[in-house]
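Note sheet for the following structure.
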Amino acid sequence: MGFVLVLVSMVLVLGCGDGEGKECTNQPTQSHTFRYHLLTSKNQTRKQEVMSHSRYHLTPIRNMSLNEEQEEEEEGQDDDWTMLYGRMKMKKEPEGLLKEVSLHDVRLHGGSIHGQAQNTNLKYLLMLDVDRLIWSFRKTCGLPTPGTPYGGWEDPTIEVRGHFVGHYLSASALMWASTHNEELKKKMSALVANLSICQQKIGTGYLSAFPSEFFDRFEAIQYVWAPYYTIHKIMAGLLDQHSIAENPQALKMVTWMVDYFYKRVRNVIRKYSIDWHYQTLNEETGGMNDVLYRLYSITGDPKHLLLAHLFDKPCFLGLLAVKANDIAQFHANTHIPVVVGSQMRYEVTGDPLYKEIGTFFMDIVNSSHSYATGGTSVNELWSDPNRMIETLKETNNEESCTTYNMLKVSRNLFRWTKEISYADYYERALTNGVLSIQRGTEPGVMLYYLPQGPGASKAISKFGWGTQFNSFWCCYGTGIESFSKLGDSIYFEEEGKNPSLYIIQYISSSLNWKSAQIMLNQTVVPPSSMDSFLRISLTFSPTKKTSSTSSTLNLRLPTWTHIHGAKLTLNSDTLPLPSPGNFVSITRKWSGSDKLTLQFPIPLRTEAIKDDRPEYASIRAILYGPYLLAGHSTADWDIKTASNASITDWITPIPAIYNTQLFSFYQHFSGSSFILTSLKNSLTMKKSPKPGTSLALHATFRIINIQAKHSSRISTTLRDFIGKSVMLEPFDLPGTQVGSVFVLVSGLDGRNESISLESKSHKGCFVHSGMSSGKEVKIRCKSNSDADASSFNKDASFIARRGLRKYDPISFVAKGANRNFLLEPLLAFRDEHYTVYFNIQE
Ligand SMILES: [Zn+2]
C-alpha cells in the first residue's frame, strides 16, 4: 500500500502491529442488511462472535474519549497541528465548470411522469411528523420525548438512527425549492429549530440521535454501525437547509458540529497516530469529505479543508489514482460517496488528481460493473468486473442508494467536461434506477434493491417494498432526496459574456432563466411505442420588456439516437443538426413569439450484459432510447431471431387503443369480490387483488374480436363485443388465448351490466366459476332442469370492468423462442415478475 500513500500526498508511517496487517475495506459481511439483522438478532452468541471479528482484535486505545478540559489547553497548539497534517497543495479552483441552476427556478410540469413522482414524494414528506422524527435526538440530549419513535432503521435500538432525519433535512430543502410548499417549509423549519434545541442542550456541538459513546467505539475500532455515516447525513442536511432553504441557523449548527468532530479526529491522531485514524475509516463514513469540502467552500476555514482531507480514504482513492479496476468486494455505497467527496476536492482545490480519480471511477463502474439500468452492486458490493452474469443469480441487485450517488458522480463529470456520455448516463440511471423505485403513486413505498435476474420482481428481494413508517433504510433516505431534486439536472448554465444554457435532460418543465431574462418552457410529448420520436418544444417569455442581449441554447442530442428523421425547427425555419452525441447550439435574441422544436428518433436497440466471456454474448437487454424494457416473465428469457433480422422484425409496438380492450371479470359471493384469473394455463377465481400485484396482472385479459381482427374497426366498449366471437388473451402472454373461442353474450343472470362467455363450439356451455358449489372454473353446459338454473346462471355471469392492469404507453411485443414477451419499461412494473435480460440467439 506504500504507493497509495505517496499518491495521495500524505505523510504516513506504516505502523503494523504484530500479526495484523493493514487492510482497506468495509468488510463483505458488513452490508447494512447484515448489520440490521445483527442488531435485531436475538442470538447473543452469534452477536458476540461477529462483534469480536478479527478486524476488531486490534488493541483498543485506552481513554480515547474526548476530554473537554484538555482540549481547551491544547487549543493554542492548533496551528502546528494544522501545519503538520494540513500541508496540502492549494491550487486554483478549476475554471469553466458549468454552473447548476437553482431548483427555486425550475418547475416540473405536474402531469409528467417526473412531476407525478415528485408529487408522490411531497405527499410522503408531508406525512412524516417532526416529533416522531426527532424522538431519539430528544432522548439522547435528555429532553422530553412527545409522540412515539418511528420504526425500521429509525427505531431507538438501531445504531444508525437519525440518518433518515439528516436525509429529511436535505430532501425537504430540495423539495421546498422545487415546489415552495408552505406546509413543508413549516415542517422543516420546526425540525431545524428543535434539533438546535437539542444541540444547545448537549452544549459541545455534538448533535445526534445516538450518544457520543458510539464514536468512542469507532475510534477504538470496536464494533459499531457507521456513526459518521449518520453524522454526514445530518451535516449535509443542515448545510442544504442553509444553502438551499436559506436557514441561517443551520449553518451555525453544522459549523459547531464540525468543531466538535475536528477535535475528536485531532485527538485520535495526537493520542495515537494518523495511521490509526485512517484505519478507523474502514468503518463506513458516508460522504464526510464531501460535506466538509462543501462547507469549506462556504466558510473558507482551513480547518474545514483539513478535516475534509482527513476523510479522503487513502487506501480506496489510491487504487483509483493508479487506475486499478480493483473495486470488487468493496461495499459500493460506502465508497461512492468518498469518490463524490474527492470530486469536491477537485472543485475546491483544482488538484487534477481528483478529476482523474472521478473520471476513472465512472469509467470502470460504467463499463464493467453496471446493469443496463445504469445501476450497480450485488448484495451491496461490487463484484468482479465484466462478470455480471454471476450476479443475476441474486435478487439483491442494484442497491438504490448507490444509484443516487452515481448520479452525483456523473453530474459532476458532466459539469466539468460537457461530455454527452455523462448526460446519457444520468438520463439512463434516473429513468430506470430512480423512477423505478417508487411503487406507482403510493407515497412512502420504495425499494432497497432493484432485482435484475430472469423472473425477478421488485417485491421479492431481501427487503421488497418498504413501508411508510417502518423501513427508513439508507435507500429511503436517498430516495426522498432523489424525488425532491428531479429538476436539478435538466439545465446548466455556462458563464461567459452572453448567457448560455445547456439543456441535458428532456423533462417537461419551466425555467426562470434569470441571466437571460427569459422564462423558458420545455414541453416533451410523453414517449410512446407507437411514435418512435422524442418531440420537444421550447417557448420563451422574456421577463423584461426590452431584452437587450442574445443568449445561447445548447440542446443535447443523445448518443442513442440517430440523425435519420431528426429535425430542429425555429419558427418556420429548419436548422442544421450535428450528429448524435453532440450539442446543437442556437444563439439569438429570443422573443415571446419564438418556438423551437426538436424531434429525434427513439430507436430500439439491444445491449450486451457487462460480461466479457464469449459464451454470454447473447445475454442482452432491450432498450427504447433511455428506457430499459423488461419482459413479463417468471423465468423464460429465450428469444430466437432469424439471422440478420433487424430488431423491428421481432419487436412490434402495442397500439394504445388495445388498452380499451382490457377487461377483468368479477363475481360477488358472501360479501367478497372475486375475479377470474389465469394462472399456469388454467382459470381460477381469486379474491380481488390490489393493483400492481401479479394477481392483478393475471386477472386482466384482452378481449379480441375475431371478426374484427383483420378489419380496421377496433372494438372499444364492451357493448361492441356482445354477440361477437372473441378470444381472451392473458395480459402477459400476447398471442396466446385462454381456452377456446367464446361468444360474448349478455349475462345469463339477466343483470344489466353482466356478461357470459359461451363456448363457440359447444353452444349452451359457458365459462362457469363453480363458486356456488365450491368447484373449479370450467366450461359447463347448462342442463334443462330448473332446479339449479339460478345458481348456474349466477356462476356463469361476470361483471366486466376495465382491466386491473393497463399497457404502459411504451409497450411492445417481442417474439420469443417459446412464447411472446410483453415488454414494458422497468419503471412501469410494481410487483409483477420480469426479466431485464434476454438470451437472444440468432
Ligand atoms: Zn441503500
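The values are calculated or read from the model by the stated rules, or taken from the named source; none is laboratory data. These numbers were taken from a predicted model, which means no experiment stands behind them. Note: ideal-geometry Cβ built from the backbone for every residue, glycine included; neighbour counts use all protein chains shown. Accessible surface areas use protein heavy atoms only, side chains included; no ligands, DNA or RNA. Shrake-Rupley method; radii C 1.70, N 1.55, O 1.52, S 1.80 Å.
Here's the yes/no breakdown for (1) modelled with pLDDT under 95; (2) within 23 Å of PRO626 (Cβ to Cβ); (3) polar (S, T, N, Q):
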{"residue": "LEU353", "(1), (2), (3)": "no, no, no"}
{"residue": "GLU356", "(1), (2), (3)": "no, no, no"}
{"residue": "PHE360", "(1), (2), (3)": "no, no, no"}
{"residue": "ASP363", "(1), (2), (3)": "no, yes, no"}
{"residue": "SER368", "(1), (2), (3)": "no, yes, yes"}
{"residue": "THR376", "(1), (2), (3)": "no, yes, yes"}
{"residue": "THR391", "(1), (2), (3)": "no, yes, yes"}
| said: Regarding segment 405-423, can at least one residue be identified that is over 23 Å from LEU97 (Cβ atoms), outside any strand (DSSP E or B), touching a helix residue (DSSP H, G or I) at 6+ places or on another chain (Cβ under 9 Å) and within 16 Å of the ligand (Cβ to nearest atom)? | reply: no
| Some residue of segment 165-176 being over 23 Å from VAL258 (Cα atoms) and surrounded by 22 or more Cβ atoms within 10 Å (Cβ to Cβ) | yes
| request: For segment 87-99, indicate whether the set of residues that are acidic (Asp, Glu), open to solvent by less than 50 Å² (accessible area, probe 1.4 Å) and at pLDDT below 95 is non-empty. | output: no
| request: Please state which of the following conditions PRO689 fails to meet, knowing it meets all the rest: (1) surrounded by 15 or more Cβ atoms within 10 Å (Cβ to Cβ); (2) assigned to a strand (DSSP E or B). | output: (2)
| said: Please pick out the residue among THR684, THR660 that is of a type in the set (Val, Ile, Thr), over 32 Å from the mean Cα position of the chain (by Cα) and outside any loop (DSSP other than H, G, I, E, B). | reply: THR684
| Quick one: in segment 436-462, which of the residues that are outside any loop (DSSP other than H, G, I, E, B) and buried (at least 21 other Cβ atoms within 10 Å of the Cβ) is farthest from the ligand (Cβ to nearest atom)? | ALA456
| request: Within segment 609-653, track down each residue that is under 20 Å from LEU430 (Cα atoms) and either assigned to a loop (DSSP other than H, G, I, E, B) or open to solvent by 40 Å² or more (accessible area, probe 1.4 Å) (or both). | output: ILE609, LYS610, GLY625, PRO626
| query | Which one is nearest to the chain's Cα centre (by Cα), of the residues in segment 210-263 that are open to solvent by less than 20 Å² (accessible area, probe 1.4 Å) and at positive phi? | reply | ALA226
| query | How about segment 742-787: which strands (runs of 3 or more DSSP E) wholly inside it have at least 1 residues that are aromatic (Phe, Trp, Tyr) and crowded, with 17+ Cβ neighbours inside 10 Å? | reply | 742-746, 765-768
| Answer from SER489, SER482, SER509 - the residue that is of a type in the set (S, T, N, Q), within 23 Å of LYS99 (Cα to Cα), modelled with pLDDT of 95 or more and open to solvent by 10 Å² or more (accessible area, probe 1.4 Å) | SER482
